[in-house]
Amino acid sequence: MMHPGTSAFGIWSGGHFMHFGSDIGAENLEKLVQHAYESGIRTFLTADVYGQGEADELLGRALAAYNRDS
């Protein structure tokens, strides 16, 4: 049974600059996603248009090594 977490992690631009802030890069965002997962976050917000589709791919790569039941 899944139990929703208390927090969510937004992937949005897939680590790329989107008119504010700075580009943190895909590698750093993958590390942040992994840290979030290891800290108990199980809700990741993404969409096919985030990062022009790259956000979904990045999320898949970042979580590929984890055994998930969802």
Subject >> Output for the stretch 32-57, where each listed residue is touching a Phe, Trp or Tyr at 6+ places or on another chain (Cβ under 9 Å) and in a helix (DSSP H, G or I) >> reply: LEU32, VAL33, GLN34, ALA36, TYR37, GLU38, TYR50, GLY51, ALA55, ASP56
Original post:
Out of (1) polar (S, T, N, Q); (2) modelled with pLDDT under 85; (3) in a helix (DSSP H, G or I), the odd one out for ASN28 is which?
Top reply: (2)
**OP:** Would you tally the residues in the stretch 29-53 being more than 15 Å from ARG68 (Cα to Cα) and basic (Lys, Arg)?
**Re:** 1
Original post:
If you go through the stretch 40-70 one residue at a time, how many are more than 11 Å from TRP12 (Cα to Cα), loosely packed, with under 12 Cβ neighbours inside 10 Å, at pLDDT below 90 and not basic (Lys, Arg)?
Top reply: 4
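The values are calculated or read from the model by the stated rules, or taken from the named source; none is laboratory data. Treat the numbers as computed from the prediction; the structure is a model and nothing was measured. Reconstructed Cβ throughout: ideal geometry from the backbone, glycine too, with neighbour counts over all protein chains shown.
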